[in-house]
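A.B. asks: Please see the structure below; I have some questions.
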Amino acid sequence: MGSSFTHLHVHTEFSMLDGASRLDELVDRAVGDGQPALGITDHGNMYGVIDFYKECTKRGIKPIIGTEAYMAYETRFERPTRRGRVDDSGGDTEAGKKLYYHLTLLAENNVGYKNLIQLASLAFLEGYYYQPRMDWELLTKYSSGLIATSGCLGGHVLQALKNGKNEEALKTAARLQDIFGKDNFFIELQDHGIPLQIETNPKLVEISKKLGAPLLATNDCHYTHREDSGAHDALLCVQTGCTIHDPNRLKFEGHEHYLKTAEEMRWLFREQPTSCDNTLWIAERAKVDIQFNVPVLPDFPIPAGFKDDHAYLEHLTWLGAQKRWGEKLAPEVVERVAYELLTIKTMGFSSYFLIVWDLVRYAHERSIRVGPGRGSAAGCAVAYSLQITDLDPIKYDLLFERFLNPGRRSMPDIDMDFDSRYRDEMIRYASEKYGRDHVAQIITFGTIKARNAVRDAARVLGFPYGLGDKIAKLMPPVVMGRDTPLKYCFEENEEHKSGFQAASDLRSLYESDPDVKQIVDTARGLEGLKRSVGIHAAAVVITKEKLTEYLPIQRKAESGQQADLAPIVTQYEMHAVEELGLLKMDILGLRNLDVITDTNKMIRELSNPDFDIDKAPFDDPKTFELLQRGDTIGVFQLESTNIRALVRSLVPKTIDEL
């Protein structure tokens with residue numbers, strides 16, 4: 001099948017603190033070698049799938065979606081006690097087994113992609129114990145459309161061979177073959193120069209012959225280039241809290257876990273050429289088609305008597321318009337509202353407005369304070385009619401087209417602000433309304449920032465904390481929450497010109513002190529890699545069908561929280577969720593609203609029983625005196641030094657001038 005090759009066992013930076021390959025560099029390396037396709041098999045998750053898919057598609061290389069799953073020995077419900085040192089399979093159990101095992105899974109088609117989503121989700125939801133684990137039962141249920149391999153040294157088959165249990169290894173491989181099928185189960189060969197691999201590879205070839213299972217050559221890629229092995233070693237030390245001088249730490253043998261060229265892989269497996277040919281066979285077979293930017297809105301329950309969601313939206317909007325502008329609506333109001341309703345109907349977003357209206361309605365009925373509206377949604381008369389926003393867009397001449405434009409087909413985005421003490425209640429209400437398996441919060445990924453990379457590098461290399469701290473303090477100051485990347489402390493770049501100028505002392509120290517050079521070089525390999533997962537402060541997704549019809553999910557426990565009580569979050573980040581056409585809503589808890597609620601209540605109790613902040617006039621003289629003095633610390637958008645100076649210079653007397 002020629003001289004090419006496809007890597008199908010690949011860890012990216014989304015194998016947290018274990019994979020040191022950045023997606024763009026990884027794909028660039030495969031494209032540069034003329035490889036026709038590339039796999040992604042991050043540890044136990046699908047975090048990077050959408051970014052990987054898009055990057056491969058953009059570069060003209062076929063993406064092959066997969067995961068290196070964690071498996072329980074028998075059932076995902078077992079919770080064995082761990083003993084001894086930690087390794088890449090978690091360590092040993094008291095029964096002499098491993099805490100978990102590795103299994104390589106690849107999606108052959110869209111059915112397989114859907115099943116991969118199910119498996120990656122259930123491993124977190126039902127099998128989490130140190131790591132998200134699936135089991136034989138789940139594999140049997142969701143095997144369709146998937147290709148599996150016998151895995152690496154941490155897999156069931158190779159662990160049996162390692163322990164001299166050749167018959168058990170054969171039976172385990174046969175069990176996997178029965179689950180996935182003759183053409184969809186491969187015996188995986190790896191050769192990183194590790195003695196155990198050299199010892200067991202001939203035994204794997206024998207198993208392949210006995211079962212008639214095809215061989216598959218892979219390299220367990222954890223970094224992109226051979227010279228990145230040092231940065232990867234440091235990354236493992238960041239994960240485990242060790243230094244590189246610790247003899248008992250988790251580390252990889254050798255420097256071969258990189259994305260090798262097709263020529264290197266063909267030479268390495270020259271005695272088993274079909275194992276390389278089979279990577280191209282899988283690449284030809286694998287075809288997953290992920291659709292983007294096709295809106296999939298949940299169904300809003302429509303009361304009897306209304307034809308569809310738009311008819312109900314029109315009914316609510318005209319009722320609300322009369323409450324806002326009076327029984328007899330002015331012609332410009334009728335024209336504006338009718339135009340907006342037609343645009344909403346044409347673009348297919350009627351359900352979206354009903355969903356937002358219903359959430360705000362619930363909050364009002366429960367006396368939960370809601371923000372008056374911010375961003376472009378303030379220009380929508382329909383939103384104002386529905387009491388989603390509280391600013392009159394006609395009175396203040398705000399543009400609807402900034403919010404929703406037929407020429408720019410994208411999902412509307414209305415940010416909803418609530419008293420922060422009730423944010424969880426709002427999410428619970430949405431879950432009860434649309435189904436607990438239809439609503440999730442959205443994951444975020446923390447990265448290793450430049451300063452932290454320097455401090456981490458100094459620690460893992462065994463240098464005193466003071467040296468790492470000294471280097472970090474020589475870096476350019478943070479501007480608007482953003483670091484100057486280490487690369488641009490040493491290379492001139494127009495975007496980071498001021499940062500380069502501010503880093504002159506750092507460059508001098510780098511040139512004169514070999515320890516500083518070693519720390520900075522190591523830090524550059526760590527900077528920007530994914531470090532941790534979190535939960536977005538506002539974003540929530542609501543889906544038409546169950547969440548796992550569209551994306552993988554998991555639980556994200558906070559410190560001290562039981563895993564089974566932790567909130568459900570997506571495994572795809574916010575932008576990926578939006579690109580899949582799913583309804584992403586911002587439900588933000590604002591402490592400012594807590595303060596307003598409590599202050600309003602205190603004023604009523606202590607001095608003015610009729611006081612209502614929502615009815616405060618927009619021409620209050622004392623408020624404008626405060627603004628004219630520039631006493632605006634704590635006032636949203638008006639508290640920076642430059643803006644306060646501008647407000648003082650402006651001497652505003654009306655809301656229009658502001």
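A.B. asks: Give me the percent of accessible area attributable to carbon and sulfur for the range 155-204, probe 1.4 angstrom.
C.D. replies: Using a 1.4 Å probe with all protein chains present, the range 155-204 comes out at 50 percent carbon and sulfur.
A.B. asks: A further question follows. Let me test this: with uniform point scatterers at the alpha carbons of the range 1-157, what is the Debye-based log₁₀ I(q)/I(0) at q = 0.18 1/Å?
C.D. replies: -1.06
A.B. asks: Follow-up. Let me have the relative contact order for the range 498-648, percent, based on Cα pairs under 8 Å that are six or more residues apart.
C.D. replies: 15
A.B. asks: OK, next. Would you kindly derive the ³J(HN,Hα) couplings of the range 114-127 from the backbone phi angles with the Karplus curve 6.51 cos²θ - 1.76 cosθ + 1.60 (θ = phi - 60°), listing them in order in whole Hz, with x for Gly and Pro?
C.D. replies: 5, 5, 4, 4, 4, 5, 5, 6, 5, 4, 6, 6, 10, x
A.B. asks: Moving to a separate point now. Determine the gain in length on full extension of the stretch TYR465-VAL595; use 0.36 nm per residue of separation and subtract their C-alpha separation, reporting nm with one decimal.
C.D. replies: This chain segment gains 42.7 nm when fully extended.
A.B. asks: Now a separate question. Quick check on the range 338-426: take the gyration tensor over C-alpha atoms, sort the square-rooted eigenvalues as a ≥ b ≥ c, and tell me if it's rounded (a/c under 1.5), prolate or oblate.
C.D. replies: Cα axes put the range 338-426 in the prolate bin.
A.B. asks: Let me ask something else. Packing-wise, with mean Cβ within 10 Å as the measure, how do 44-50, 592-598 rank, highest first?
C.D. replies: Top of the packing list down: 44-50, 592-598.
A.B. asks: Additional query: Between ASP620 and ILE194, what is the label-point separation in nm under the 7 Å Cα-to-beta-carbon projection?
C.D. replies: Reported label-point gap for ILE194 and ASP620 is 6.8 nm.
A.B. asks: Here are a few candidate values for Cα Rg over 2.2 N^0.38 Å: (1) 1.27; (2) 1.05; (3) 1.12. Which one was actually calculated from the structure I just gave you?
C.D. replies: Among (1) 1.27; (2) 1.05; (3) 1.12, the one derived from this structure is (3).
A.B. asks: Right, another one. Just want to confirm a number: the relative contact order over the chain, from Cα pairs under 8 angstrom separated by 6+ residues, in percent.
C.D. replies: Contact order relative to length: 13 percent.
A.B. asks: Between THR81 and ASP564, what FRET efficiency follows from the Cβ-Cβ distance if R0 is 22 Å, with the result rounded to 0.05?
C.D. replies: Calculated value: 0.65.
A.B. asks: Suppose all protein chains stay in the model; what accessible area per residue would a 1.4 Å probe give for the chain, in Å²?
C.D. replies: Solvent-accessible surface per residue comes out at 46 Å².
A.B. asks: Tell me, how many Å apart are the Cα centres for the range 27-53 and for the range 361-428?
C.D. replies: If you average the Cα positions of each part, the centres end up 39 Å apart.
A.B. asks: Place a point 7 Å from Cα of THR444 in the direction of its Cβ. Which residues in the range 559-575 have their backbone N less than 17 Å from it?
C.D. replies: Under 17 Å, as judged by backbone N against the label point of THR444, lie 559, 567-575 of the range 559-575.
A.B. asks: Is there a pair in LYS171/LYS210; LYS251/LYS556; LYS287/LYS544 whose C-alpha atoms are over 20 Å apart, and which pairs would that be?
C.D. replies: The pairs that break the limit, which is 20 Å between Cα atoms, are LYS251/LYS556; LYS287/LYS544.
A.B. asks: In the structure displayed, which of LYS449/LYS470; LYS328/LYS615; LYS62/LYS182; LYS58/LYS260; LYS165/LYS203; LYS470/LYS517 lie more than 18 Å apart, Cα to Cα?
C.D. replies: Table pairs above 18 Å Cα-Cα are LYS328/LYS615; LYS62/LYS182; LYS58/LYS260.
A.B. asks: With r as the distance between the Cβ atoms of LYS210 and ARG361 and R0 = 51 Å, compute the FRET efficiency 1/(1 + (r/R0)^6) and round to 0.05.
C.D. replies: 0.15
A.B. asks: Take the alpha carbon atoms of the range 453-514, find their center, do the same for the range 223-250, and report the distance between the two centers in whole angstrom.
C.D. replies: Using only Cα atoms to place each centre, the spacing works out to 21 Å.
A.B. asks: Tell me, how many Å apart are the Cα centres for the range 588-645 and for the range 262-279?
C.D. replies: 70
A.B. asks: Full extension from ASP521 to ASP424: what is 0.36 nm times the residue separation minus their Cα-Cα distance, to one decimal in nm?
C.D. replies: Length difference between fully extended and current span is 30.5 nm.
A.B. asks: Right, here's the next one. Mind giving me the FRET efficiency for ARG270 and LEU606? R0 is 56 Å, r the Cβ-Cβ distance, nearest 0.05 is fine.
C.D. replies: 0.05
A.B. asks: Please state the relative contact order of the range 1-75 as a whole percent: Cα pairs under 8 Å, 6+ residues apart?
C.D. replies: 32
A.B. asks: Determine how large the accessible area of CYS242 is when every protein chain is in place; take a 1.4 Å probe and give Å² rounded to the nearest 10.
C.D. replies: 30
A.B. asks: Which percent of the accessible heavy-atom area of the range 1-141 goes to carbon and sulfur, probe 1.4 angstrom?
C.D. replies: 47
A.B. asks: May I ask you to compute the full-extension gain from ALA537 to LEU646, defined as 0.36 nm times their residue separation minus their alpha-carbon distance, rounded to one decimal in nm?
C.D. replies: Roughly 36.1 nm would be gained on extension.
The values are calculated or read from the model by the stated rules, or taken from the named source; none is laboratory data. This structure is a prediction, so every number in the text was calculated from the model and none was measured. Counting neighbours? That spans all protein chains shown, and the Cβs are built from the backbone with ideal geometry, glycine included. Side chains included, ligands, DNA and RNA excluded: accessible areas come from the protein's heavy atoms. Shrake-Rupley method; radii C 1.70, N 1.55, O 1.52, S 1.80 Å.
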